[in-house]
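K.L.:
Have a look at this one.
The values are calculated or read from the model by the stated rules, or taken from the named source; none is laboratory data. In this text the structure is predicted, and so the values were computed from the model without any measurement. Neighbour counts run over all protein chains shown; Cβ positions are idealised from the backbone, glycine included.
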Amino acid sequence: MKLLYTTLLVVVYIIPAINAAQCLSGQYPPKPERLLPTYVVNLDAPPVERWQDLASKYKVELKDLIAYLKTFLVEISPELQYLVDLVDTKLPAMADTLPAPYGDEMKGISQASGLPLGEVVLYNIFYEVSSLCTSIVGQDEKGNIFHGRNLDFGGLMGWDKINHTWALTEKLRPLMVQINYTKNGQVLFKTTTFLGYIGSLTGVKPGVFSVTINERNIVKGGYIGLIEWMYNINRNQSFITFAIRDMLTNSESYNQTVKYLAEVPLVAPCFYIVAGTKPGEGAIITRSRKGSDDVKLLGRDDLWFLAQTNYDNWKKQPFFDDRLTPCIKCMQEKGKNQVTFESLYNVLSSRPMFNKETVYTSIMEPATGRIEAYWQLCLDEEAPCRPW
């Protein structure tokens, strides 16, 4: 049934949109109401208290999302049924196995929202097994570095026939926020995330680096690492979004961040996209669970930008999900003299980089710590939207 459903989506949406790639202008700035709300998380507070006010504020949205997630989790892969089965048995105890401060932060979210701890853990480990994205790092003619990303999430998790989009994607939209993490009264780093999700998907440490994560679509992904962790087969590995937050908290340089993210053992394969503050500081780190399969650097071979979706960038992209080729073409069309918040937002607002799974676009400048994040919704009325 799942194969038939996917085939129908390819026939109805993908094939007509194959030649519908765009390279738009005039999309920036978006309307002010699309800017995501910003909240503060105080790292000087005890971990169990840090998220309680926000988790209480968003508890209805959190409960709605997780109820839906449990129901449709197995649509992604039959192997994930074990996660649903273990929500009430194994996952609550898993919080105590996580490195500090993550387990206690999840406990605080559970207490404030009224959600069972196992469901909060499920929500926070879900990215290890499912997501899509497009990330770009660009350097202008003066050597200034900019970093942009689309977060795509929720595909094959139930189709909303009324809104013609993914149902899980719609459940995530009310939870999209920007978080400023503070220490000693100062902003230490900034992220774009979903409320209640304590790992980092998109973040910038002002004056040091910015980072995004893309899922890597390969056989036998993060569910193997999750099994190893839950059954204490191998806990000498990091969760992929916790590794980012660890660096945002502790790293003092771009080089330190790249080295750590290239080498740390991981629960799941992924792509880390990192940008620094100086000319040439940009990298795409293609990760397996044990190490790096490739590190592509900004400036090498005269590259003035790097682009990454969810497939190895040195291989031919799949015809049903080639966002990389039109992204590269659009960046080249914009040119090196147009690497700005405006140009990156325009590229990321162009189809197929912008699609039915896209929930937000973030643009960052690591040198200044400036970050802007806007909710996105792809409408077929304007031009055909691919389902992913």
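K.L.:
Look through S253, S238 and report the one residue that is among the hydroxyl-bearing types (S, T, Y) and more than 22 Å from G138 (Cβ to Cβ).
P.N.:
The unique qualifying residue is S238.
K.L.:
Ok, one more. All but one of (1) within 19 Å of the chain's Cα centre (by Cα); (2) modelled with pLDDT under 95; (3) not aliphatic (A, V, I, L, M) hold for G282; which doesn't?
P.N.:
Unmet condition: (2).
K.L.:
Turning to a different aspect of this structure: Somewhere in the stretch 322-329, is a residue touching a Gly at 6+ places or on another chain (Cβ under 6 Å) and at pLDDT 95 or above?
P.N.:
Within the stretch 322-329, the first condition is being touching a Gly at 6+ places or on another chain (Cβ under 6 Å), and the residues that meet it are none.
The answer is no; no qualifying residue exists.
K.L.:
Could you check the stretch 167-208 and list, in sequence order, the residues that are more than 26 Å from E252 (Cα to Cα) and touching a residue at least 40 places away in the same chain (Cβ under 8 Å)? Full working, then the answer.
P.N.:
Taking the stretch 167-208 as the starting set, the residues that turn out to be more than 26 Å from E252 (Cα to Cα) are 167-176, 195-196.
Hits for the stretch 167-208 are A167, L168, T169, K171, L172, R173, P174, L175, M176, L195, G196.
K.L.:
List the number of the failed condition for V295; all other conditions in (1) closer than 30 Å to N236 by Cβ; (2) touching a residue at least 24 places away in the same chain (Cβ under 8 Å); (3) assigned to a loop (DSSP other than H, G, I, E, B) hold.
P.N.:
Of (1) closer than 30 Å to N236 by Cβ; (2) touching a residue at least 24 places away in the same chain (Cβ under 8 Å); (3) assigned to a loop (DSSP other than H, G, I, E, B), only one is false for V295: (3).
K.L.:
Related question: Go through the stretch 178-216 residue by residue and tally those that are surrounded by fewer than 24 Cβ atoms within 10 Å (Cβ to Cβ) and at positive phi.
P.N.:
The qualifying residues number 3.
K.L.:
To continue, here is another question. Please give the number of the condition N232 fails out of (1) under 20 Å from M106 (Cβ atoms); (2) surrounded by 16 or more Cβ atoms within 10 Å (Cβ to Cβ).
P.N.:
So the condition that N232 fails would be (2).
K.L.:
Name the residues in the stretch 247-267 that are of a type outside the set (A, V, I, L, M, F, W, C), in contact (Cβ under 8 Å) with a residue 24 or more places away in the chain and part of a helix (DSSP H, G or I), would you?
P.N.:
Within the stretch 247-267, the first condition is being of a type outside the set (A, V, I, L, M, F, W, C), and the residues that meet it are 249-257, 259-260, 263, 265.
If we keep only those that are in contact (Cβ under 8 Å) with a residue 24 or more places away in the chain as well, we get 249, 251-254, 257, 263, 265.
T249, Y254, T257, E263 - these are the residues of the stretch 247-267 that are of a type outside the set (A, V, I, L, M, F, W, C), in contact (Cβ under 8 Å) with a residue 24 or more places away in the chain and part of a helix (DSSP H, G or I).
K.L.:
Right, something else. Looking only at the stretch 338-353, decide whether some residue is at pLDDT below 95 and in the same structural domain as G225 (by TED's automatic domain parsing).
P.N.:
yes
Residue-by-condition table, conditions (1) more than 16 Å from Y181 (Cα to Cα); (2) assigned to a loop (DSSP other than H, G, I, E, B):
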| site | (1), (2) |
| --- | --- |
| G207 | no, yes |
| V211 | no, no |
| I218 | yes, yes |
| R235 | yes, yes |
